[in-house]
Amino acid sequence: MQSIVTIGDCIIDEIRFETEEPRRFAGGAGLNLAAGVAKLGLPSTLVTRMGQDRDGYYLLRYARERAVSIINTPSVDPTGLATSTRQNGEPSYAFGPAMFRRRILFDASVNAALAEASVVAVNSFPFDNAAQAAALAAAFQRAPGIRIVDPNPRPRLVPDIAAYRRGFEALLPTASLVKLSDEDVQVLYDADWRTIAPHLFELGAETLLFSHGAEGARLVDRSGLAVHVPVVELPSPIVDTMGAGDATLASVIASLARNGRPQSASKWQACLSEAMAVAAATCRQAGAELVLP
């Protein structure tokens, strides 16, 4: 059975709607992706950092109930908290102090998990910390499977965007696939996907997956292959867009793990169309947990 390792955040999402009391959900880009992969039927491990506190124990139980194995690297901080305010389904974020000190220790247990994984994905990471970025790049080089990077920058969480961009770009020569939303491209480069794709290919990226929100998703690679798929329309209204990008990536990862890299535009089209169906279903409920169509 193909195994997937995700590196990323496992935190509490406190969501404040315009007319309701705040709600608390298990969240973080890393947990969302790892739980989504597990829900799609693949063995899933999350390398993360959470506190030895009530929220941390809640997250461990949440992960266990969703068949996600957790490697919790050492920390003295409490569990991270992200507060998001919703307007028309779109989130605006604020972060607790522990989020600004997020770190991953790439020890023997983490390196062993990476060595056995068929896919390794990093989904949001302290790329602006040079030591952390270098440790991640070294770990990626040792991982034999498919390697996927989603930088997922949050402007209010990243005091130095230039440093974050440098850390992200250092990973590109070892990445099999890079996923970026339009918002990510704007934050990191103040540009659009057409402008930035050639730059990322020059830095070593092999394949780029762009998520365009209401405009669907697009895949381009350095050979010139290009595929675009629209969003999937459903009769029920959109409730919350948080998690749509993670659901998209989880679906693509599951497809790559089961079938290998698509070798034609038509196969990429099928892969992305399935991912758009998963993302559309996920947007029809509150929170970021993947929903099967």
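Here the chain carries DSSP beta bridges of which approximately 40% are antiparallel, counting only pairs with both residues inside. If you filter the stretch 9-76 for trypsin sites (Lys or Arg not before Pro), then keep DSSP loop positions with at most 13 other Cβ within 10 Å, what is left? Hits after loop and neighbour filter: nothing returned. Between ALA138 and ALA191, the C-beta separation translates, for a Förster distance of 25 Å, into a calculated FRET efficiency of about 0.30. Within the chain, the whole DSSP H helices whose Cα atoms reach 20 Å or more along their own axis and whose mean Kyte-Doolittle score is at least -0.5 are 244-259, 265-282. Here the sum of -39500 (n - 2.57) over DSSP H runs of 4 or more residues, divided by the residues of the chain, equals -11000 deg cm²/dmol at 222 nm, to the nearest 500. Farthest towards the positive end of the charge dipole of the chain, among the residues GLN2, ILE148, THR83, is the Cα of GLN2, using unit charges on the Cβ of Lys, Arg, Asp and Glu. Here the extension length gained between ARG54 and LYS267 equals 72.2 nm, from 0.36 nm per residue of separation less the Cα-Cα distance.
If the chain linking ARG258 and ASP182 were pulled fully straight, counting 0.36 nm for each residue of separation and taking away their Cα-Cα distance, it would gain 24.6 nm.
First select every other residue whose beta carbon is under 9 angstrom from the beta carbon of THR282; then total the charges, Lys and Arg +1, Asp and Glu -1. Intermediate results must be reported in sequence, preceding the final value.
On the way: positive: ARG284; negative: ASP240, ASP246, GLU289.
Counting the neighbours of THR282, the net charge comes to -2.
When +1 charges are put on Lys and Arg Cβ atoms and -1 charges on Asp and Glu Cβ atoms, the dipole computed for the stretch 1-158 relative to its Cα centre reaches about 180 debye.
Would you mind telling me the antiparallel percentage of the DSSP bridges in the stretch 22-114, rounded to 5?
Working: 6 of 11 bridges.
Of the beta bridges lying entirely in the stretch 22-114, close to 55 percent run antiparallel.
Whole-Hz Karplus values for the stretch 152-158 come out as 6, x, 10, x, 6, 9, 10 Hz, taken residue by residue from phi with 6.51 cos²θ - 1.76 cosθ + 1.60 and θ = phi - 60°; glycine and proline positions read x. The charge dipole of the chain, taken about its Cα centre with unit charges on the Cβ of Lys, Arg, Asp and Glu (plus for the first two, minus for the last two), comes to roughly 680 debye. The average projected area of the stretch 1-135, computed from the convex hull of its Cα atoms over all directions, is 8.7 nm². Net charge dipole, the stretch 1-66: roughly 320 debye, given to the nearest 20, about the Cα centre with Cβ charges of +1 for Lys and Arg and -1 for Asp and Glu.
Only counting other Cβ atoms within 10 Å, I'd like VAL185, VAL239 sorted with the fewest neighbours first.
Working: VAL185 21, VAL239 15.
Fewest-to-most ranking of VAL185, VAL239: VAL239, VAL185.
All of the numbers you see were taken from the coordinates with simple rules; none came from a lab. Just so it is clear, the model here is predicted, and its values are computed rather than measured. Neighbour counts are summed over all protein chains in view; Cβ atoms, including those assigned to glycine, are modelled from backbone coordinates with ideal geometry.
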